[in-house]
Amino acid sequence: MKIVLLGMNHRTAPVDVRERFAADEPGVLLRKLVDRPEIAEATLLSTCNRVEVVVATENSDAAKHVLYEFFARDLANGEGPAAGALEEVTYLRQGREAVEHVFRVASSIDSMVVGEPQILGQVKDAYREATEAGVAGPVLSRLFQRAFATAKRVKNETGIAQRPVSVARVAVDLAKQIFETLEDKSALLIGAGDMIEAALIALHDHGLGERKVANRTVANAEALAERFGGTAHGLDELDRLLPDSDIVLTCVGGDAPLLTRKRIKRSLSGRRGRPLFLIDIGVPRNVDPAVHELDNAYLYDLDDLQEVAAANVKERRRESERAERIVYEEREQFEGWMVALQAVPTIRNLRDRAESIRSGEIDRFAGRLRLEGGQNEVLEQLTRSIVNKLMHSPIARLRDETDREAGLIRLEEARRLFGLD
């Protein structure tokens with residue numbers, strides 16, 4: 001049995017292509033796929049960033065053609081690109097490459113944001129749907145169970161998900177370090193552009209309590225605040241909003257600092273010693289650098305955040321290398337299991353072959369030997385003992401030496417040597 005994977009992701013296909021292959025009812029599609037004689041087992045992972053089909057098959061060449069046809073006809077409802085164009089936006093993995101890819105995806109090493117936790121849940125859902133549809137047999141079940149174990153090891157043994165790399169995520173991570181929890185905190189976001197939106201997403205993911213969006217154009221603030229359950233305000237309300245805000249994140253245009261030292265000092269007096277965390281990602285800067293001098297005011301500008309983000313990228317790269325080693329170890333173990341699985345029919349065939357020869361020869365010579373009474377039973381025991389002792393060493397070697405490619409080669413040699421094919 002071999003494993004084959006065909007897929008597309010954020011690196012190989014733009015979103016307008018990927019969305020054409022999104023699957024609403026994977027179970028129905030998978031049952032249709034497994035009805036094909038070339039496919040024994042199948043799973044389908046469909047997310048906003050990737051669409052991947054993993055199958056177990058006896059004939060990987062035939063399965064490959066079936067998968068391309070499945071993508072173009074069934075997944076895309078007959079509106080997929082032609083075979084040549086489909087190959088340009090997809091990737092094909094077979095054998096150990098397919099196994100490694102599944103492990104890397106489940107461990108979030110292959111994600112757009114390395115270390116993001118959502119993908120493991122999506123992989124588990126894909127496996128569950130395949131199981132409920134009755135199309136995930138022993139091979140894919142073993143594959144995905146090892147993938148989940150690999151993801152757990154990567155999470156527990158590396159820090160790959162602990163260091164954010166985007167400026168917005170870094171800002172929120174720093175806020176968490178200061179306040180420990182954000183659930184009872186209030187954030188004021190000044191501006192309504194992409195950076196503010198990214199920060200709002202990060203704050204929302206960390207369970208921030210109150211969200212206030214202030215902008216020159218109140219309508220833009222309203223559109224953004226509505227999406228995240230916040231309130232919208234104009235910039236003329238800043239003096240009222242600042243004293244009740246624990247986190248202030250600003251990214252708005254302007255020639256002079258919007259938040260002066262005097263304004264922040266006045267706001268701090270109304271906070272009764274509670275710290276104020278300010279994140280300035282505006283260019284030019286929105287917060288007067290002199291705010292650094294104020295007690296209980298913690299100010300980070302874009303240079304500070306980018307420096308932390310760069311350090312995090314370096315650390316994540318180091319952690320990713322550790323994660324890759326874990327994936328390699330788990331892949332080797334899974335491949336050993338696959339080889340051992342393939343050894344089972346060879347050992348059974350070898351025993352059957354030996355027994356067929358033994359019993360055939362006894363039948364052939366029974367008339368000439370003219371055995372009486374218990375002599376037949378003694379002969380049966382004698383010949384079985386000889387066969388078992390002759391077969392013991394090669395069968396033990398086939399069981400023990402199942403190390404990946406070398407083990408597969410020995411299996412093929414054994415089948416040829418003993419005429420099992």
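Here are a few things to note about the model shown:
- Filter result (assigned to a loop (DSSP other than H, G, I, E, B), open to solvent by less than 30 Å² (accessible area, probe 1.4 Å), touching a helix residue (DSSP H, G or I) at 6+ places or on another chain (Cβ under 9 Å) and closer than 18 Å to Leu241 by Cβ) within segment 270-293: Arg271, Gly282
- Residue match in segment 343-363 (condition: open to solvent by 20 Å² or more (accessible area, probe 1.4 Å), hydroxyl-bearing (Ser, Thr, Tyr) and either within 30 Å of Thr250 (Cα to Cα) or not in a helix (DSSP H, G or I) (or both)): no
- You will find that of Val213, Val167, the residue that is modelled with pLDDT of 95 or more, of a type outside the set (Asp, Glu) and more than 30 Å from Lys32 (Cα to Cα) is Val213 and no other.
- Candidates are the residues of segment 254-288 that are of a type in the set (Gly, Ala, Ser) and within 23 Å of Ala199 (Cβ to Cβ); the one that is modelled with the highest pLDDT is Ser267.
- Count - residues of segment 236-253 that are over 23 Å from Asp184 (Cα atoms) and open to solvent by less than 30 Å² (accessible area, probe 1.4 Å): 1
- For the residues Ala22, Ala83, the requirement of being open to solvent by 20 Å² or more (accessible area, probe 1.4 Å), touching a strand residue (DSSP E or B) at 6+ places or on another chain (Cβ under 6 Å) and modelled with pLDDT under 90 singles out Ala22.
- Those residues of segment 25-63 which are charged (D, E, K, R), assigned to a strand (DSSP E or B) and surrounded by fewer than 23 Cβ atoms within 10 Å (Cβ to Cβ), in sequence order: Arg50
- Residues in segment 182-211 that are part of a loop (DSSP other than H, G, I, E, B) and touching a Gly at 6+ places or on another chain (Cβ under 8 Å): Leu182, Glu183, Asp184, Lys185, Gly191.
- The C-beta contact set for segment 269-283 (first residue farther than 16 Å from Pro257 by Cβ and touching a residue at least 60 places away in the same chain (Cβ under 8 Å), second residue β-branched (Val, Ile, Thr) and surrounded by 23 or more Cβ atoms within 10 Å (Cβ to Cβ), distance under 8 angstrom, 6+ apart or interchain) comprises Phe277/Ile247; Phe277/Val248.
The values are calculated or read from the model by the stated rules, or taken from the named source; none is laboratory data. What you see is a predicted model, and the numbers here were worked out from it, not measured in a lab. Positions of Cβ are generated from backbone atoms using ideal geometry, with glycine treated the same way; all protein chains shown enter the neighbour counts. For accessibility, only protein heavy atoms count, side chains too; no ligands or nucleic acids. Shrake-Rupley method; radii C 1.70, N 1.55, O 1.52, S 1.80 Å.
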